[in-house]
Amino acid sequence: MKKMNLPNKLTIIRIILIVPFILLLLGESNEWGWFRAVFGGIEEYVDFIALVIFVIASLTDLVDGKIARKYNLVTNFGKFMDPLADKLLVSAAMIALVELGRIPAWVVIVIISREFIISGFRLVAADNHVVIAASYWGKFKTTFQMVLVCLMIAAIPQLQLVTDIVMWIALILTIVSLVDYLVKNRDVMKEQK
């Protein structure tokens, strides 16, 4: 069996980091009995620790792609798992933030719906042997979504206006990137003869 390269390891680390991130973010809100036993004494810092974990996980996304392209380490595993890891990280964070009452559920529904639509579209494209590259709109969308998650985890009252503006920008970019993606790749949905 072939040894896993560094970019793929970083992708796996990003997925693994989702678990402690969510446990920290939601631990106290759910009144889980184990939370106080495990994190007793640091309860006031759990949001900060969760934020640090999210930032580290987000940075692995930036780093793994650069390394893969620079050193020609692009693999089929990476092409599949890297965007999936991003979707899992952002979706898990946003669902947790809905439970904490920090983001409206309808915003998260729009964002996650976009990801399902694009994933389905990619499956159809792959079935037709078409590889669809990520667009700049999609990259901007992901960046703003990650910044939004960071602002909402931090929940700094003085930055509420900034957080609201970033949320609307992330939402607009989510819709624009979806439309751009569908228009540019509309031929994928045409029936093959």
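The values are calculated or read from the model by the stated rules, or taken from the named source; none is laboratory data. Predicted model, so just to flag it, every value in this text is computed and none were measured. No Cβ is skipped: glycine too gets one built from the backbone with ideal geometry, and neighbour counts run over all protein chains shown. With ligands, DNA and RNA removed, areas are computed over all heavy atoms of the protein, side chains included. Shrake-Rupley method; radii C 1.70, N 1.55, O 1.52, S 1.80 Å.
Observations, loosely collected:
- Per residue solvent-accessible surface (Å²) - the stretch 77-116, probe of 1.4 Å: 46 Å²
- Cross-link pairs 70/141; 87/141; 9/87 - those with Cα-Cα distance over 20 Å: 70/141
- About its Cα centre, the dipole of the chain is roughly 1040 debye, where the only charges are +1 on Lys and Arg Cβ and -1 on Asp and Glu Cβ.
- Between the beta carbons of residue 129 and residue 45, assuming R0 = 45 Å, the FRET efficiency works out to 0.35 to the nearest 0.05.
- Accessible-area composition of the chain, carbon plus sulfur, in percent [1.4 Å probe]: 69 percent
- Rounded to the nearest 10 Å², the accessible area of residue 144 at probe 1.4 Å: 70 Å²
- Between 0 and 90 degrees, the angle of helix 160-184 with respect to the longest Cα principal axis of the chain falls at about 20 degrees.
- On the basis of the beta-carbon distance and an R0 of 35 Å, residue 76 and residue 179 show a calculated FRET efficiency of 0.80.
- Helix-only CD estimate at 222 nm, as mean residue ellipticity for the chain, using -39500 (n - 2.57) per DSSP H run (n ≥ 4): -26000 deg cm²/dmol
- On Cα atoms only, tilt of 105-127 relative to the major axis of the chain in degrees: 30 degrees
- Between the Cα long axis of helix 6-27 and the first principal axis of the chain there is an angle of about 40°, rounded to the nearest 10.
- Cross-link partners of residue 190 among aspartates and glutamates, defined as those whose alpha carbon lies under 19 angstrom from its own and excluding same-chain residues fewer than eight positions apart: 127, 180.
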